[in-house]
Structure formats: C-alpha cells, structure tokens
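Chemist: First, the structure itself, so that you have it in front of you.
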Amino acid sequence: MNAAPALAGVKQAGGSTLPRHVAIIMDGNGRWAKKRFLPRAAGHRKGIEAVRAVTRASRDLGLEVLSLYAFSSENWRRPAEEVSDLMGLLKHFIRSDLDELAEANVRLRVIGDHGAFSPDVVEMIDGAIARTAGNTGQTLCVALNYGAQNEMVRAAKKAAAQGEVDEASVAANLDTAGLPMVDLLIRTSGEQRLSNFMLWQAAYAELLFTETLWPDFGADGLRDAIQAYAMRERRFGGL
C-alpha cells in the first residue's frame with residue numbers, strides 16, 4: 001500500500017514540513033548474510049534490492065533529496081574481492097536502473113572522488129550523471145569514495161584560494177553545494193555513529209538509528225522513519 005497520502009501534510013511538532021533531505025548510512029549487508037550463512041556478496045546483492053525499494057518509495061513520498069552512503073573512502077580497506085563485487089553491483093545498478101531514474105525525472109549527483117575507481121566504472125558513473133543532469137525532479141545523491149573530513153578540507157582550501165574563509169564560502173565549495181542541509185539522517189543495523197558521513201551537512205539533522213539491517217529496511221522502513229521524524233520538534237539550538 002502506498003503510504004504517501006498518509007504522510008502528506010504531516011507536520012512536525014514544531015510546525016515545520018516533512019524533510020527535504022534524507023540521508024542514509026546503509027549498514028548491515030554483511031551481518032544480514034552472516035545470519036543466513038551466506039557469503040557477504042549475497043548481503044550486498046540483497047542490499048541493492050533495498051536501495052531500489054527505498055529510492056522508489058522516496059519519490060512516492062515526495063522527498064526533494066535522498067542521499068545514500070554507498071562506498072566510503074575507508075571501504076578500500078576491505079578485501080579486494082569484496083571491493084570488486086561492490087563495483088560490479090554498482091555497474092549492475094546503473095545498467096538496470098538508470099532508465100527508470102531518467103524517466104522519473106531524477107537527477108543523479110555523486111559526491112566524493114569517484115575518479116579513483118577503474119576507468120570503466122568512472123565512464124558509467126559520468127554517463128549516468130550526464131544523462132540525468134537536466135532532470136528537475138528529485139536529486140539522488142550517492143556518496144562514492146567519500147569521506148566528510150576530506151570533503152571539508154578540500155572545500156576550505158578552495159574557499160581560501162577564492163578569498164575569505166567563512167561558513168558560506170566553505171558550504172559553497174562542498175560536494176553538496178546547492179543542496180539543502182540534511183534534515184533526517186538514518187543509520188541501519190544498530191550502529192550509532194556517523195562514520196565520516198556528511199558531518200557538515202548533518203549539523204542540525206535529526207538522527208535516527210534502527211536495529212533493522214539494511215537489506216530488510218525497504219520502503220516500510222523509510223516511511224516509519226519519516227513518521228518518527230514528523231513527531232519530533234527541531235530546535236536548531238533554540239529553547
């Protein structure tokens with residue numbers, strides 16, 4: 001059942017609207033597989049199904065921006081076989097879902113240094129970005145080879161080269177420049193840390209940690225998280 005009508009018009013306790021920007025740390029693929037005595041690769045494949053379900057649900061709910069932490073700069077420390085499998089899944093997702101994203105008027109945006117990937121992966125990512133660049137609907141922001149501390153250092157250096165360094169100049173040079181700040185940041189699998197993800201953008205985000213492993217999160221998990229968000233009162237440092 002589509003839950004969008006049930007959420008339409010829901011206001012937070014403080015009177016603000018539903019989140020414009022939801023960011024998700026997708027965690028728990030490996031544990032999902034381990035619980036089922038399956039290889040980690042099976043968990044990652046199931047995780048892609050969850051990505052597909054959540055991105056579709058986010059469009060149904062009318063989210064302006066959905067950001068997904070897909071591959072961190074620290075993930076290179078994983079076994080080479082696992083990294084290769086993740087790259088293969090990324091290519092598969094682009095091949096299988098790009099048409100749907102383009103037809104749904106979704107604009108793909110990638111943050112981080114995806115240029116560090118192999119040339120064939122870079123070519124596919126750049127092609128997907130170019131194909132959806134003119135779309136005016138939802139922005140799907142995917143973090144690839146991303147680390148927030150590195151992003152802030154790069155932004156500060158660019159700001160310094162341009163002149164004065166202040167909050168506005170740093171923000172204008174972040175990978176997410178032009179996007180709204182994160183309203184709701186979700187992490188699955190029970191872990192309660194940000195893991196170097198959108199540290200600047202999530203400065204006043206509502207944080208939601210769920211025990212649900214990412215492959216089991218899906219559309220219902222997203223709707224439940226947004227319902228929980230709508231019950232909160234955001235203060236932004238005020239009383």
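All of the numbers you see were taken from the coordinates with simple rules; none came from a lab. Model, not experiment: these values are computed from the prediction. Ideal geometry is used to build each Cβ from the backbone, glycine not excepted, and the neighbour counts take in all protein chains shown.
Chemist: If amide hydrogens are placed 1.01 Å from N in the peptide plane, which non-local residues have theirs closer than 5 Å to the one on Val110?
Modeler: For Val110, whose amide H was placed from the backbone, the distant partners under 5 Å are Val142.
Chemist: Next up: In the range 100-236, if every C-alpha pair distance is counted and binned at 10 Å from zero, what percent goes to each bin?
Modeler: Binned Cα distances yield the sequence 11, 31, 40, 17, 2.
Chemist: Still on this structure, I have one more. Could you line up Ser58, Ser84 from fewest to most neighbouring Cβ atoms inside 10 Å?
Modeler: Taking fewest neighbouring Cβ atoms as first place, the list is Ser84, Ser58.
Chemist: Could you derive backbone 3J(HN,Hα) for the range 58-71 from the dihedral phi with the Karplus parameters 6.51, -1.76 and 1.60 (θ = phi - 60°), listing whole Hz in sequence and x where the residue is Gly or Pro?
Modeler: Running phi through 6.51 cos²θ - 1.76 cosθ + 1.60 with θ = phi - 60° gives 5, 6, 4, 7, x, 5, 6, 9, 10, 10, 10, 8, 8, 8 Hz.
Chemist: Around Thr132, what is the net charge, scoring Lys/Arg as +1 and Asp/Glu as -1 over all other residues with Cβ under 9 Å from its Cβ?
Modeler: Local charge sum for Thr132: +3.
Chemist: Using θ = phi - 60° and the Karplus curve 6.51 cos²θ - 1.76 cosθ + 1.60, what whole-Hz ³J(HN,Hα) does each residue of the range 149-161 get, with Gly and Pro shown as x?
Modeler: 5, 4, 4, 5, 5, 4, 5, 5, 5, 5, 4, 5, 5
Chemist: Next question, about the same structure. How much length would be gained if the chain were fully extended between Asp113 and Phe37, taking 0.36 nm per residue of separation minus their Cα-Cα distance, in nm to one decimal?
Modeler: Between Asp113 and Phe37, full extension yields 24.0 nm more.
Chemist: Then there is this: How do 211-223, 20-32 rank on mean C-beta neighbours within 10 Å, highest first?
Modeler: The most tightly packed comes first, giving 20-32, 211-223.
Chemist: Additional query: Provide the per-residue ³J(HN,Hα) series for the range 130-135, in order, calculated from phi with Karplus coefficients 6.51, -1.76, 1.60 and θ = phi - 60°, each as a whole number of Hz, with x at glycine and proline positions.
Modeler: After applying 6.51 cos²θ - 1.76 cosθ + 1.60, I find 5, 5, 9, 4, x, 6 Hz.
Chemist: Could you let me know the centre-to-centre spacing of the range 23-66 and the range 136-180, using Cα atoms, in angstrom?
Modeler: One Cα centre to the other: 26 Å.
Chemist: A further question on this structure: Work the Kirkwood hydrodynamic radius out for the range 162-236: mean of 1/r over every pair of different alpha-carbon atoms, inverted, in Å.
Modeler: The answer is 14.1 Å.
Chemist: Shifting gears a bit: What residue among Phe197, Phe71, Phe209 shows peak mean-square fluctuation when the chain is described by a Gaussian network model with Cα springs under 10 Å?
Modeler: Phe209
Chemist: Separate question: What is the percent of Cα-Cα separations in the range 14-112 that go past 15 Å?
Modeler: Of all Cα-Cα distances in the range 14-112, 68 percent exceed 15 Å.
Chemist: Just grab the label-to-label distance for Glu64 and Asn150, each label 7 Å out from Cα along the Cβ direction, in nm (one decimal).
Modeler: Roughly 2.9 nm, to one decimal.
Chemist: Taking the range 126-205 as the region of interest, what is the percent of Cα-Cα pairs per 5 angstrom bin, listed from the shortest bin to the one with the maximum distance?
Modeler: It works out to 3, 13, 20, 22, 19, 16, 7, 1, 0, in whole percents.
Chemist: Sticking with this one: So if each residue of separation counts as 0.36 nm, and I subtract the Cα-Cα distance between Asp166 and Ser195, what length gain in nm does that give?
Modeler: Between Asp166 and Ser195, full extension yields 8.0 nm more.
Chemist: Related question: Under the rule of at least 5 residues apart or a separate chain, name every residue whose amide H is placed under 5 Å from the amide H of Ile24.
Modeler: Here the answer is Ser67, Leu68, Tyr69, Ile186, since their amide H atoms fall under 5 Å of that of Ile24.
Chemist: Order of Phe117, Phe37 from fewest to most other C-beta atoms within 10 Å?
Modeler: Ordered by Cβ neighbours within 10 Å, fewest first: Phe37, Phe117.
Chemist: Here's a follow-up. Springs between alpha-carbon pairs under 10 angstrom, Gaussian network model over the chain: which of Gln227, Gln149, Gln162 fluctuates most?
Modeler: Taking springs between Cα atoms under 10 Å, the residue moving most is Gln162.
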